[in-house]
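Taking it in order: structure first as structure tokens, then the write-up.
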Amino acid sequence: MSDTILETEGMTKEFRGFVAVSDVRLQVKRGTIHGLIGPNGAGKTTCFNLLTKFLPVTRGKISYEGRDITNLKPADIARLGLVRSFQISAVFPHLTVLENVRLALQRARGNSFDFWRPESLLKQYDSRAMELLEDVGLTGYARHNAGELPYGRKRALEIATTLALEPTMMLLDEPTAGMTHDDVDRIVTLVKRVAAGRTVLLVEHNLKVVEGLCDTITVLARGAVLAQGDYATVSRNPEVQAAYLGTDPGIAGSTQHG
């Protein structure tokens with residue numbers, strides 16, 4: 001089994017002549033937390049959309065677990081164990097927290113989400129759903145409507161529903177965006193816990209979060225890879241410093257960049 005679980009070669013995306021992602025070579029090592037950072041407009045979310053096939057690549061190749069997935073569909077990618085969360089909270093607000101996770105678990109049955117089955121038949125998923133809610137600290141919210149959750153708890157619920165799909169690799173798009181300090185600390189602890197035994201690729205603006213979580217960091221600027229390495233390495237890179245802070249040295253003291 002290769003140490004590299006996800007790899008891109010020459011990944012490029014153009015929109016009517018505008019190059020949003022340019023010749024990106026990305027290598028994510030199995031069992032690590034890999035950060036994708038960069039200023040606004042650097043191409044981070046576009047990269048996520050390309051990797052999970054919500055956008056087709058213009059040129060290049062994407063490989064997952066040694067398999068070419070460049071031309072697969074999003075549902076095929078998820079079935080292979082490559083599952084993502086989104087930058088905007090995506091829960092079913094009128095369902096309970098438990099029902100949100102249970103719905104994700106029902107996906108294991110195949111193509112049917114069992115919408116027309118008696119609810120009693122769906123109780124078989126409740127035990128596992130509660131285990132997942134315990135993993136993300138939401139046991140006490142199980143019977144609450146998801147739409148009533150504070151923002152940080154909604155993001156925790158998204159991670160629980162992502163875990164319900166039993167991913168080998170999770171792609172988290174700005175998991176701490178818009179959170180209070182306490183919520184950020186809670187999500188960082190959660191990501192560390194759920195990363196055990198799997199691979200995580202995350203887009204994140206909060207550099208203290210990146211420093212505390214990530215084994216390897218890829219820095220994007222204007223759609224291209226600017227630098228890659230651990231936090232100490234990329235934070236000392238003059239091009240990275242210029243991209244974030246003009247000519248000011250060092251990025252380690254900064255916590256948030258737009």
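For segment 199-230, the set of residues classified as in contact with a Ser or Thr (Cβ under 6 Å, 6 or more places away or on another chain), in contact (Cβ under 8 Å) with a residue 60 or more places away in the chain and among the charged types (D, E, K, R) consists of 215 only. Here residue 255 does not fit the description of being at pLDDT 95 or above, among the polar types (S, T, N, Q), under 27 Å from residue 192 (Cβ atoms) and surrounded by fewer than 21 Cβ atoms within 10 Å (Cβ to Cβ). Among the candidates 176, 189, single out the residue that is among the hydroxyl-bearing types (Ser, Thr, Tyr), in a helix (DSSP H, G or I) and under 21 Å from residue 134 (Cα atoms). Just one listed residue meets the conditions, 189. Could you tell me whether residue 185 is surrounded by fewer than 18 Cβ atoms within 10 Å (Cβ to Cβ), at pLDDT below 90, under 29 Å from residue 94 (Cβ atoms) and charged (D, E, K, R)? It is false that residue 185 is surrounded by fewer than 18 Cβ atoms within 10 Å (Cβ to Cβ), at pLDDT below 90, under 29 Å from residue 94 (Cβ atoms) and charged (D, E, K, R).
Determine, yes or no, whether residue 86 is of a type outside the set (Asp, Glu), outside any helix (DSSP H, G or I) and modelled with pLDDT under 80. Yes, satisfied.
The values are calculated or read from the model by the stated rules, or taken from the named source; none is laboratory data. If you're wondering where the values come from, they're calculated on a predicted model, not measured in any experiment. Positions of Cβ are generated from backbone atoms using ideal geometry, with glycine treated the same way; all protein chains shown enter the neighbour counts.
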